[in-house]
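One structure below.
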Amino acid sequence: MAKFRIGVLDPIAAEGIDLLNADSAFEFEERVGLKGDDLRKGLTEFDGIIIRSGVKITAASLEGNKRLKAIVRAGVGTDNIDKEAATRLGIVVMNTPAGNTLSTAEHAIALMLALSRSIAPAYQSLCNGKWDRKSYMGSQLADKTLGVVGLGRIGREVALRGLAFGMRVIAYDPFLTEEQATKLGVEWVETVAEMLPKVDYLTVHTPLTAETKHLVGMKDLPNLKPGIRLINCARGGIYDEAALVAGLKAGQIAGVALDVFEEEPCTDSPLFGMPGVVCTPHLGASTEEAQTQVAVEGIHLLINFFKTGEIRHAVNVSALDPKTLEALRSYLNVAHRLGLLLSQWHGGAVAKCHLTYRGEVAGRDTKLLTNAFCAGLLERHLEEDVNIINAEMLLRERGIELNESRSQEMGAFSSSVTAEVSGGGRTVKASGTVFGHNMPRLVSLDQYRLEAYLDGKLLIFTHQDVPGIIGRVGTAFGKHQVNIAQMSVGRAGDKPGGSAIGVLNLDSQPTQAALDEMLSIDAVDKIQTIDLPAADELPVWLR
Ligand code: NAD
Ligand code: MLT
């Protein structure tokens with residue numbers, strides 16, 4: 001069997017490389033420093049890659065890539081990856097969120113202490129041959145107020161360490177409730193603006209988003225407590241660097257410690273050399289422990305993804321562990337087949353889809369099932385590969401509205417998936433379920449209840465529910481050498497004589513002559529062939 005090819009595109013700890021060396025299912029290559037065309041070409045040679053923050057996976061570098069299936073970021077921030085472009089191509093992006101939490105929290109505290117005790121300039125002065133004790137009067141942390149913006153993994157650890165130093169800690173995070181804050185022993189505020197005039201130290205631990213960009217900027221300077229010290233170990237740009245310079249010059253800000261910069265690498269900044277400033281070159285996670293942990297965790301993510309289909313810590317798709325995958329496999333298959341069926345049965349431009357999950361399956365991760373349905377609906381219409389990672393995005397990009405509802409109440413089946421598709425004035429609907437362990441079945445189509453196989457070549461015909469139809473259809477197909485493997489009929493209501501539907505599972509594609517003969521039967525209104533995968537055929541992403 002061909003080996004999975006992994007690209008190691010930024011340096012990672014040897015412990016991670018050892019794991020790749022030890023697994024015969026993988027081969028790998030270390031290619032650090034790829035850019036531009038070399039990067040684009042390089043990415044087409046790997047099934048999966050592991051990176052840190054060095055390489056930039058842009059939309060251009062992924063363009064036309066048909067091979068890459070997984071990108072793992074050994075670390076937290078995925079801002080060096082164009083996730084939208086990756087998602088569009090069906091590439092899963094995973095990270096190792098917790099491996100460097102403690103190291104980064106410690107770095108924030110280290111910077112806070114370095115600022116308070118002028119560690120860097122005092123040592124520099126010694127190196128310059130001076131014994132200067134007057135210029136470096138410090139400030140102790142105990143009894144000071146620390147503001148923490150972003151109480152996620154790192155922010156919490158920083159807050160706890162601040163408390164351990166005897167500081168009063170004020171926190172803001174949109175997902176932090178007052179109750180949770182009290183439990184942590186920190187004071188809760190409703191806005192960042194509310195904390196700025198109160199804090200002696202401010203540290204940020206959020207991602208860089210439209211909301212957090214320039215969270216402290218020129219307009220905030222008058223609101224800062226005079227003598228404040230600001231620390232950023234999260235992402236460059238959360239503080240406006242120009243405002244930091246202005247605040248330091250005006251004496252409003254006493255100290256600035258940055259580990260991250262608006263532009264990286266950053267070797268030249270007006271901040272460098274200013275009194276009260278200490279900076280490090282993005283070293284928050286640079287400890288032996290953190291690097292070993294993120295490399296090992298990252299390689300495990302790749303190994304498990306390629307060997308078992310497990311998706312953990314994905315930032316662009318729902319998680320999918322092997323147990324969930326196994327439990328959902330048969331319904332993912334049903335949802336995918338319903339998508340394929342309805343795209344053909346509807347036959348026109350789709351504007352709206354609604355998925356309804358009933359029974360036991362409604363309690364599962366229905367988002368994945370919806371993605372599988374979207375993949376089926378789109379895959380025969382699009383040039384690009386469609387899978388459960390990119391399907392929903394591709395669907396929404398086409399302006400198609402997508403909704404789902406769930407009811408844990410069982411209908412006639414312990415679980416069922418119903419999909420309704422509309423557009424161009426036509427609405428079609430189908431429900432599917434699983435019989436036994438893994439037999440996908442169509443249990444309703446539009447207003448008709450039935451019980452048909454959801455695989456292979458289907459011929460669907462609507463007709464008047466009059467005697468003799470089934471015999472005449474059988475005779476017509478027999479004459480044209482088309483074998484019917486299974487037939488299912490359904491009525492709209494309970495009474496005979498109304499409109500009805502028939503679904504034939506055929507062993508081969510019917511000839512035009514066979515179809516014409518069938519259409520010539522008076523009571524038959526409409527016929528349509530539908531092509532579904534064979535019973536045991538699964539899409540690549542479900543195998
Ligand atoms: P996390 O996801 O656990 O926490 C982020 C927190 O920010 C969340 O609780 C979220 O609710 C909060 N948040 C989001 N928007 C906010 C807003 N507008 N205002 C206030 N809070 C907001 O992430 P983490 O692991 O704690 O990492 C935090 C940051 O540190 C990330 O940007 C990450 O990339 C960075 N990081 C840097 C280094 C380094 O080497 N310097 C190392 C690791 C992580
Ligand atoms: C991260 O997001 O994990 C950090 O930027 C650390 C890093 O990878 O250097």
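Conditions tested, residue by residue: (1) surrounded by fewer than 21 Cβ atoms within 10 Å (Cβ to Cβ); (2) within 15 Å of ligand 2 (Cβ to nearest atom).
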{"residue": "ILE238", "(1), (2)": "no, yes"}
{"residue": "ALA257", "(1), (2)": "no, no"}
{"residue": "THR280", "(1), (2)": "yes, yes"}
{"residue": "LEU283", "(1), (2)": "yes, yes"}
Qualifying residue in the stretch 95-107 (condition: more than 16 Å from ligand 1 (Cβ to nearest atom) and either assigned by TED's automatic domain parsing to the domain that holds GLY236 or touching a strand residue (DSSP E or B) at 6+ places or on another chain (Cβ under 7 Å) (or both)): no
Filtered residue count, the stretch 91-120, keeping only those that are open to solvent by 10 Å² or more (accessible area, probe 1.4 Å), aliphatic (A, V, I, L, M) and not in a helix (DSSP H, G or I): 1
Hits in the stretch 444-476 (condition: open to solvent by 10 Å² or more (accessible area, probe 1.4 Å) and within 35 Å of the chain's Cα centre (by Cα)): SER444, ASP446, TYR453, ASP455, GLY456, LYS457
Filter pass, GLY7 being away from ligand 1 (no atom under 16 Å from the Cβ), open to solvent by 10 Å² or more (accessible area, probe 1.4 Å), farther than 30 Å from LEU202 by Cβ and modelled with pLDDT of 95 or more: no
Scan of the stretch 318-332 for residues that are under 15 Å from the mean Cα position of the chain (by Cα), open to solvent by 20 Å² or more (accessible area, probe 1.4 Å) and not charged (D, E, K, R), ordered by number: SER318, ALA319
Filter result for VAL148 (away from ligand 2 (no atom under 15 Å from the Cβ), of a type in the set (A, V, I, L, M, F, W, C), outside the structural domain of LEU9 (by TED's automatic domain parsing) and crowded, with 18+ Cβ neighbours inside 10 Å): yes
Members of the stretch 443-491 found to be part of a helix (DSSP H, G or I) and touching a residue at least 40 places away in the same chain (Cβ under 8 Å), listed by number: ILE469, ARG472, VAL473, ALA476, PHE477
Residue satisfying all of: in the stretch 70-90; in a loop (DSSP other than H, G, I, E, B), closer than 16 Å to ARG52 by Cβ and touching a helix residue (DSSP H, G or I) at 6+ places or on another chain (Cβ under 6 Å); farthest from ligand 2 (Cβ to nearest atom) among these: ALA74
Residue match in the stretch 310-317 (condition: under 27 Å from PHE46 (Cα atoms), polar (S, T, N, Q), touching a strand residue (DSSP E or B) at 6+ places or on another chain (Cβ under 9 Å) and within 16 Å of ligand 1 (Cβ to nearest atom)): yes
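The values are calculated or read from the model by the stated rules, or taken from the named source; none is laboratory data. Remember, predicted model here, so these are calculated numbers, not experimental data. Note: ideal-geometry Cβ built from the backbone for every residue, glycine included; neighbour counts use all protein chains shown. Only protein heavy atoms, including side chains, enter the accessible area calculation; ligands, DNA and RNA are left aside. Shrake-Rupley method; radii C 1.70, N 1.55, O 1.52, S 1.80 Å.
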